[in-house]
1. Treating only the Cβ of Lys, Arg, Asp and Glu as charged (+1, +1, -1, -1), what charge dipole size does the protein assembly as shown show about its Cα centre? Round to the nearest 20 debye.
2. Would you mind getting the Kirkwood hydrodynamic radius of segment A:77-210 from its Cα pairs, rounded to one decimal in Å?
3. Can you compute 3J(HN,Hα) from phi for each residue in segment A:69-74, using the Karplus curve 6.51 cos²θ - 1.76 cosθ + 1.60 with θ = phi - 60°, rounded to whole Hz and x for Gly and Pro?
4. How big is the charge dipole of segment B:21-99 about its Cα centre, in debye rounded to the nearest 20, if each Lys and Arg gets +1 on its Cβ and each Asp and Glu gets -1 on its Cβ?
5. Considering only segment A:9-236, what is the antiparallel percent among its DSSP beta bridges, to the nearest 5?
6. Which of rounded, prolate, oblate describes the protein assembly as shown, given a ≥ b ≥ c as roots of the alpha-carbon gyration tensor eigenvalues and a/c under 1.5 marking rounded, otherwise prolate only if a/b is larger than b/c?
7. Suppose a student asked you for the relative contact order of segment B:415-515, using Cα pairs under 8 Å spaced at least 6 residues apart; what percent would you report?
8. Would you mind classifying segment B:311-438 by shape? Square roots of the alpha carbon gyration tensor eigenvalues, ordered a ≥ b ≥ c; an a/c under 1.5 is rounded, otherwise it is prolate if a/b is larger than b/c and oblate if not.
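Nothing in this text is a laboratory measurement; each read-out follows from the coordinates by a stated rule. What you see is a predicted model, and the numbers here were worked out from it, not measured in a lab. So basically every Cβ, Gly included, is an ideal-geometry build from the backbone, and we count neighbours across all protein chains shown.
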Amino acid sequence: MTKSDVLSKQDCLEAISTLGVVGFLEKYRAELIQELKSVKQKLVWIHGAGCSGCTMSFLNCDHELLGTILRNECIIYHKTLLEQSGFFLGGIPVRVPEINIEYYLKDIEKTGGYVLVVEGALVEGPDNSGKYCLIGGETVKERIVKAANKAKVIMTLGTCASCGGIPGDRRSENVVRDFPGLIFRGVADRTIILNEHGITKPVVDLPGCPPKPEQILAMLALLLLDKLQFPEDSNMLDKYLRFKMIKGG
Amino acid sequence: MEIILDPISRVEGHMRVLLKTEMGIVKEAKCSSTLLRGLEKVLVNQEPRKAACSTTRICGFCPTSHAFAGAGALDQLHGVDSLPPDAQLAKNIIQGFDFISNHITHLYMLWFPDLVNPAYIDVIEKKLWDELILRFAPPAYRIHTQHIPPGKSYLKALHARKMGQEAIRELAGNEVRPFPGGLDFKPTENCITVLKEIHGKVMACLSSMLGIPWREWIENTYLSNPEGAVKYLLDLDKKDFSRMGDFELFAVIGAELTGRDDNLMLDKFGCHEEYFLSCGAFNENGKMIFRPGFMSSDLEYLPFDIEKITENCESSFYSGSESHPFDGKTEPLPANEISYGEKYTWVKAPRYDGKVCEVGSLARLLIAEEPLITGLAKEFKKRRLPVASVYMRLIARIQEMLVAGYLLEGWINEFDPNGIFRVQPEKLINTRGFGLWEAPRGVLGHWIELKDGVVSNYQIITPTTWNVSPGGVMERSLEGSPICAMGNKFGIDCSNPVIALHIVRSFDPCNGCAVHVIESKLDPIKLHS
């Protein structure tokens with residue numbers, strides 16, 4: 001954290017704990033806009049098996065703060081918002097990041113150190129192949145794991161990303177395995193699924209179907225502005241990896 | 001040349017399109033939705049209301065539509081014949097705001113950024129290009145490594161789309177849930193004041209997007225006759241485009257019809273000669289303002305008959321096919337058989353009377369004989385051009401928003417928050433029920449079958465299933481179309497098939513909806529006979 005910060009970490013946490021997220025965003029609106037304008041942190045937003053409801057909730061948040069994030073020069077990867085698509089000519093990806101979203105993502109992944117937001121469940125079915133969701137010729141499972149490997153911090157957004165949510169809501173155990181969350185298979189099983197895939201990056205969970213716009217915005221702001229850093233701040237997460245002050249829902 | 005677009009950005013969900021081209025013309029197109037979520041396993045064995053509630057999570061863009069389609073099916077299960085007029089009015093208001101909010105999202109977040117595709121830089125006039133970039137650029141956009149901030153219209157639209165949602169929240173609380181016999185909420189006393197205020201703001205926004213006061217537009221189009229409406233649209237082209245509203249600008253530069261030299265020829269692409277389908281929207285005292293129906297591309301109207309809807313999965317990643325709808329159970333294919341070939345998508349193929357249909361705003365307004373859209377359609381017919389095109393789909397969406405806004409004004413004035421919003425539903429008396437609803441993207445149907453009081457089969461046919469199905473209108477529209485800007489007039493660049501992208505996005509595909517439910521043992525015909 002640098003001295004030029006307009007808003008200190010202490011201020012943020014105090015405001016959230018006393019005023020809640022809505023009050024926090026209202027009180028420090030001007031400061032947040034100022035800081036978000038110059039933030040250099042990259043944001044990568046990947047969709048798994050979900051309904052884009054969390055994206056919609058995100059777009060419903062305070063439009064001025066949202067506009068500031070979107071106006072920023074920092075690189076954002078978000079499939080529902082970006083100009084580019086994935087392009088393959090005769091099976092070979094077009095190597096222009098301005099046209100090819102795939103290439104653009106690879107560019108970001110090379111540098112790493114971004115905030116990764118995952119919306120939607122991880123897809124492992126059928127039979128652990130992950131083929132229920134293929135993007136750009138690979139499974140979404142491979143994509144999420146690849147992006148998570150280079151992330152600075154991972155935020156699992158919404159109940160699907162957290163524990164499977166709607167697609168993972170099954171009676172039969174073998175189908176739950178097809179659509180687990182990134183963190184939990186269900187309430188009973190607390191193995192962190194990302195760990196099974198060799199990811200040891202810090203994870204913050206924000207469940208909810210969808211989480212409130214203000215919660216998403218406040219959480220993203222804290223992560224983008226480095227107001228929460230890991231592993232130092234790990235004690236601020238509860239045993240389900242939710243940030244104690246913004247638990248979602 | 002084989003071009004694969006995967007993933008396609010600025011559409012809901014995961015989508016892939018394969019194009020086989022020759023000399024820059026698409027010879028074969030295959031559209032795939034690439035994610036299966038298989039909600040049906042969640043719905044089966046649930047209590048019907050709970051199951052219908054779960055369907056609102058099929059799609060984050062249009063949960064409201066699923067709630068109302070599910071409510072229609074619940075009504076039939078509970079033997080509710082008709083809803084109280086106040087409940088119907090509340091539904092109209094919610095649907096109206098839902099259309100506006102969804103269409104703004106589609107136009108500004110999902111479609112207009114297409115106009116600043118790098119393919120247009122050297123093709124259109126610099127002055128026009130600068131104007132487009134200034135208005136419609138999406139976030140995190142770069143050209144020649146130079147960062148371009150999001151357009152001013154784009155940022156404004158973020159606010160506008162939210163207002164529609166706020167109006168729905170004001171009326172229905174945080175979310176709309178399916179409920180048999182009417183609504184499960186009671187509007188507050190002062191909701192009229194708030195709704196009027198939001199409506200005023202929304203319409204002010206639409207007027208500024210239009211560049212013309214909305215009343216003037218409606219009087220000259222919706223309340224006029226087809227010839228008059230088209231003449232009004234073509235006469236708009238008098239001003240310098242920097243002073244036009246976004247919609248006006250698009251209406252003028254989008255089509256060759258307007259005769260401008262710098263037009264983008266969007267009325268020449270995304271054409272097909274198939275059919276249109278609508279189940280009708282905005283029920284006013286038992287009469288649909290947008291009537292239900294089935295229409296050929298020659299604009300011949302036929303009444304809508306739900307019995308004629310069927311589905312098949314020949315080209316989808318399921319076992320089973322149309323030939324065995326009763327005994328065959330459709331199951332997703334095993335892992336080793338999921339690869340792009342004969343079967344290439346998770347979307348099944350619904351047909352009406354065996355015909356391929358387009359659904360959505362264009363279909364709704366054509367069938368409703370809305371003057372502007374009908375007038376334009378006739379104008380294109382006169383020039384021996386197809387009715388459906390990228391331009392028509394977008395103009396229809398714009399027009400529908402304005403018409404919905406106009407109708408909303410009357411409904412809000414008429415609305416009585418102390419009215420009767422539900423009839424006490426009987427216990428479950430039927431074992432089969434269906435509900436139809438016009439979602440922003442088109443015809444949405446829910447079919448429920450019960451056994452021992454719990455769901456044994458829940459089937460959903462969504463708008464995108466119609467449009468993006470294998471052999472559906474999107475593929476037909478792509479086939480035969482050029483892929484590069486202005487119909488390849490400035491050369492062929494296979495690495496940026498901008499027209500193909502225009503066409504795909506003009507349908508506003510929502511893949512989350514389309515791939516959601518794998519049906520079952522029964523086809524819809526049997527469900528409601």
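1. My answer is approximately 1280 debye.
2. Numbers: mean 1/r = 0.0647 Å⁻¹.
This gives a value of 15.5 Å.
3. With the stated coefficients, segment A:69-74 comes to 5, 6, 6, 4, 6, 4 Hz.
4. Numbers: 8 positive and 8 negative charges, 68 e Å.
Dipole of segment B:21-99, to the nearest 20 debye: 320 debye.
5. Values: 5 of 23 bridges.
Taking every DSSP beta bridge within segment A:9-236, about 20 percent pair in antiparallel fashion.
6. Details: a/c = 1.24, a/b = 1.10, b/c = 1.12.
Rounded, because the longest to shortest axis ratio a/c is under 1.5.
7. On the way: 117 pairs, mean separation 19.6, N = 101.
It comes to 19 percent, rounded to a whole number.
8. oblate
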